[in-house]
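One structure is given here, and the rest of the page talks about it.
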Amino acid sequence: MLLSVVIPAKNEAANIAAALGAFDKLRGEGLAETVVVDNFSSDATADIARGAGARVFLKGPERCAQRNLGAKEARGEWLMFVDADMIVPEETQREILRLAESGGVDALYVREVRSGRGLRAKARNFERSFYDATPIDGLRAIRKTLFDAIGGYDENLTACEDWDLDIRLKAAGARTAITSGHLVHNEKALSLRKLLAKKRYYSGTADAYLAKWRGHPDAKKQFSPAYRYFGVFAEKGKWRKILRHPVLFAAMYFERILVGFTYVCAKLRGSRARR
């Protein structure tokens, strides 16, 4: 079994070596390969990736096109899509291979831990723990034959492309599971201001996804204030975690309110611009 790790990147010279180095042991055993698709970086991303043993290709303009090219060039039976600022521990990699080889699943959610210190980092990790394997999560490891069969990522989308892929994978009958292990998302440099700017950008480009899946149960949850602010935190007994960690919940909820406000403002600006 060969796992092809596809990493889209742009100006990630500070992160790409660590992301690739995490797979050195499995690559040395012939169990993994790394494929970097660089969006014409102005820094040394591509050169660093080549030096780290990755196969490197150039493609833009957005992540969907990069990931699709990486999948096309991949040699493995399974694909894993990670970002350049993510590190996947060896034990998680081996768990993915075990599950893939079992033949019982076609796609996997991978738990995520965000790096950083202080209350905000703890609150963001607390928040992320509620999303595992929900419509807000996204499948990261996928059987290549199934990925190819549904046509890969929709390159007409610049936001919510992972949610779109999930809907189509499940519609094709994909059997899904979630790993016990996690990956580490390096968010040490993600200030609240940068987070809101990122959310503002993607919120403003979500219309194509909504137009495609309006009325779908998953899309309804993803854009439902009732689910995003209440349901996802309460379902399946998860509300008990809130009682155990009220301070983390309060800090998390404050940030969620700011993100929601940013989304509403972005939508209003977009509506005015179209008039």
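Key figures
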item: Check: the stretch 3-274 dipole with +1 on Lys, Arg Cβ and -1 on Asp, Glu Cβ, in debye; result: 1320 debye
item: At least 27 Å along the helix axis (C-alpha) and Kyte average at least -1.0, DSSP helices within the chain; result: 246-274
item: Within the stretch 3-274, percent of DSSP bridges classed antiparallel, to nearest 5; result: 25 percent
item: Label-point separation, THR205 to ILE178 (7 Å along Cα→Cβ), nm; result: 2.8 nm
item: Unit charges at the beta carbon, dipole of the chain: most positive-side option, CYS64, GLY260, ALA84; result: GLY260
item: Label-point gap, in nm, between TYR229 and THR145 - each point 7 angstrom along Cα→Cβ; result: 4.6 nm
item: Length gained when the stretch GLU101-ARG240 is fully extended (0.36 nm per residue, less Cα-Cα span); result: 46.5 nm
item: Theoretical gain in end-to-end length, ASP47 to LYS170 [0.36 nm per residue, Cα-Cα removed]; result: 40.6 nm
item: Förster radius 22 Å - calculated FRET efficiency between ARG256 and LYS220 (Cβ-Cβ, nearest 0.05); result: 0.75
item: Cα lying deepest toward the dipole's positive end in the chain, options GLY215, GLN93, ILE142, charges on Cβ; result: GLY215
item: MRE, 222 nm, helices only [DSSP H, n ≥ 4, -39500 (n - 2.57), over the chain, to nearest 500]; result: -14000 deg cm²/dmol
item: Value of Rg to Rh for the chain (Rh from inverse mean 1/r over Cα pairs, i.e. Kirkwood); result: 0.95
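We did not get these values from a lab; they are worked out from the coordinates using the rules stated. None of the values given here were measured: they were computed from a predicted structure. Using ideal geometry, Cβ is built from the backbone for each residue, glycine included, and neighbour counts are taken over all protein chains shown.
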